[in-house]
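These notes are about the structure you will find just below.
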Amino acid sequence: MRGLSLFALGAIVAAASPAAAQKSKDTLRLAINDPFTIVSSYCVPVDEVGYFTRGIYDTLIAFDEHNQKFVPQLAKSWTRINPTTVEYELRDDITFHNGNKFDADDVITTDQFLQDPAIKIQYKNRYSWVKKIEKLSPYKIRIESHQVMAVDMQAIAYRFRIQDAESYNTLADKCDYGRLTPYGTGPYKVVSADRNQGVLVERFEGSKLDPKYSPAPIKRIHGIPLPDRQTQIAQLLTGGVDIVRNVSPDNAVELAKNPNLEISTLPTASFFYIVLDAAGRSGQKAVQDPRVRKAILLALDRNAIIKNIVPGGQTGVAEKMMGYCFATNTGCKYSVKYDEYNPAEAKRLLAEAGYADGFDIVYDVFAPNKPIGEAIAGELLKVGIRATINSVPINVFYKKWTGGETNMVSVAYPTSSFPDVGNILDTFFGGDRDYARDPIIQKAMEDGERELDPAKRADIFEKALNRMTEQSYVMAFSSVATVFAHSKDTAVRKSALRAGDYTINDHYWK
């Protein structure tokens, strides 16, 4: 069942009183799927945490994706000294939310946190490229990489969110920073984070950043944990929350009938993906056969699923993808595209591989994407593949994925978190996230990381992107729109920095 039934939803829409947006109190209430008490993308690297932290913690520089240029944040200028070294002049007028002054020590301490082998965080290898950060003065640093890294400045812009050294040094458990001392320098500060009450942030009046790139249009934003989609929609209709993200297409149609609500369907740089266990890590034998993997992908009527199930598909905002990256991702180049829907060929390949009667597979799907997963499972059943849907919260999803426990897995991946093909490859084929173990892909990852010339980098990545499609290791099923259902008093606007991503900074009152 996708959210509320259409009959029940229609009845509520007709009967609902006006949604009481908290405009007079300058507090926006946002429904979130998974409760979190650690407000840190380092220690809890999931979408909903990032939706908040990108407005709380700042980086030294940012990347204006619309104009393809770096812009100042905590650093006011920068100079590349050589292929492995960049110097940054830091601002001397920045304070953290607790009043402590920002300086070079905070950058160095943040890096020490990321490099410390005793601190276990996901994606730790994303920070190991830093050889050292040298303090040249209280407001000047030099960042040196171990070797030439094509995206060293992009990594600083997207991944290094600076923490207060003084607060950090008081903690025994360093991931408690996001729970006990979540102090950043951003336009929003954390007021509270509670598993039951949710996370509350408030505009930081002491922010010195450019409001064009780091706005705080609404004074307070309250993320309210409502794991059940039906409850989220009911709360929206009865005024318990002001905005719900990622509503399903059928629910969006019904909710649009309420004169007190609006639907905003906005494009993103995210795609819904399928990963198959080609390496056999989970013990699933069938999908180790490339014929079976190809059959799975051939069996999917993507056009129908996107149009009827994928958010934004009905309006054409969500589209079928033919490769594992967007044109706006740096280094995106491929010449091998996904095959079109062909269930007859899928059955033939299954029979050739010894599975004429089909087989059983467990399909792990992130809970909010369950409707898409159910539609995919329905298509697979038509060719004899019996997929059991396992709807999981994001923490369970990552644990199973990195633990080698998934036969087949899907969730939406936000390329906008680091819009570079090298990052996409690392996410899906790096370390304990690799379910292919293909030497061609691994070599392309290594070579591409060290190539500074953009055209040559794209040529290198083309080999990996083509290989992924040829072997049916993964599929970027479709792009994903963000469908916001919200009070008519609110609006969601595109960021001046990000081309396909939204955060708490992008919510406004009308």
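General observations
- Residue check: residue 228 meets all listed conditions (1) surrounded by fewer than 19 Cβ atoms within 10 Å (Cβ to Cβ); (2) touching a residue at least 60 places away in the same chain (Cβ under 8 Å); (3) of a type in the set (D, E, K, R); (4) assigned by TED's automatic domain parsing to the domain that holds residue 504 but one, namely (2).
- The range 291-317: number of residues that are outside any helix (DSSP H, G or I) and closer than 16 Å to residue 271 by Cβ: 8
- Just one of the numbered conditions (1) more than 30 Å from residue 503 (Cβ to Cβ); (2) at pLDDT below 95 is not true of residue 308: (1).
- Some residue of the range 168-183 being farther than 26 Å from residue 30 by Cβ, buried (at least 17 other Cβ atoms within 10 Å of the Cβ) and of a type outside the set (A, V, I, L, M): yes
- Under the condition of being surrounded by fewer than 20 Cβ atoms within 10 Å (Cβ to Cβ) and of a type in the set (A, V, I, L, M, F, W, C), the residues counted in the range 263-274 number 2.
- Hey, residue 433 of a type in the set (Lys, Arg), over 28 Å from residue 50 (Cα atoms) and modelled with pLDDT of 90 or more or not: no
- In the range 136-162, of all residues being under 21 Å from the mean Cα position of the chain (by Cα) and of a type outside the set (A, V, I, L, M), the one that is surrounded by the most Cβ atoms within 10 Å (Cβ to Cβ) corresponds to 160.
- Test: residue in the range 254-265 that is in a helix (DSSP H, G or I) and either at pLDDT 95 or above or more than 29 Å from residue 442 (Cβ to Cβ) (or both): yes
- Meets criteria (over 25 Å from residue 506 (Cα atoms) and not small (Gly, Ala, Ser)) for residue 80: yes
- Tabulated pairs, the range 199-225, first more than 19 Å from residue 96 (Cβ to Cβ) and not assigned by TED's automatic domain parsing to the domain that holds residue 75, second in a loop (DSSP other than H, G, I, E, B) and of a type in the set (Val, Ile, Thr), C-beta under 9 angstrom, 6+ apart or interchain: 222/241; 224/241
- Condition check for residue 319: surrounded by fewer than 18 Cβ atoms within 10 Å (Cβ to Cβ), at negative phi and under 22 Å from the mean Cα position of the chain (by Cα): yes
- Residue tally, condition touching a residue at least 12 places away in the same chain (Cβ under 8 Å), assigned to a helix (DSSP H, G or I) and either basic (Lys, Arg) or farther than 17 Å from residue 45 by Cβ (or both), over the range 119-153: 3
- Criterion: farther than 30 Å from residue 452 by Cα, buried (at least 16 other Cβ atoms within 10 Å of the Cβ) and of a type in the set (D, E, K, R) - qualifying residue of 374, 340: 374
- One residue from 385, 389 being touching a residue at least 12 places away in the same chain (Cβ under 8 Å), farther than 20 Å from residue 270 by Cβ, of a type in the set (A, V, I, L, M, F, W, C) and surrounded by fewer than 18 Cβ atoms within 10 Å (Cβ to Cβ): 389
- The condition of being at pLDDT 95 or above and assigned to a helix (DSSP H, G or I) holds for residue 114.
Matching residues to (1) of a type outside the set (A, V, I, L, M); (2) buried (at least 19 other Cβ atoms within 10 Å of the Cβ); (3) outside the structural domain of residue 470 (by TED's automatic domain parsing); (4) touching a residue at least 24 places away in the same chain (Cβ under 8 Å):
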position: 240; (1), (2), (3), (4): yes, no, yes, yes
position: 250; (1), (2), (3), (4): yes, no, yes, yes
position: 254; (1), (2), (3), (4): yes, yes, yes, yes
position: 261; (1), (2), (3), (4): no, yes, yes, yes
position: 276; (1), (2), (3), (4): no, yes, no, yes
position: 280; (1), (2), (3), (4): yes, no, no, no
position: 287; (1), (2), (3), (4): no, yes, no, yes
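- Residue satisfying all of: in the range 63-79; part of a strand (DSSP E or B) and at pLDDT 95 or above; surrounded by the fewest Cβ atoms within 10 Å (Cβ to Cβ) among these: 79
- Conditions (1) under 21 Å from the mean Cα position of the chain (by Cα); (2) surrounded by 19 or more Cβ atoms within 10 Å (Cβ to Cβ): number failed by residue 441: (1)
The values are calculated or read from the model by the stated rules, or taken from the named source; none is laboratory data. Worth saying up front: this structure is predicted, and the values here are computed from it rather than measured. Positions of Cβ are backbone-derived with ideal geometry, glycine not excepted, and every protein chain shown enters the neighbour counts.
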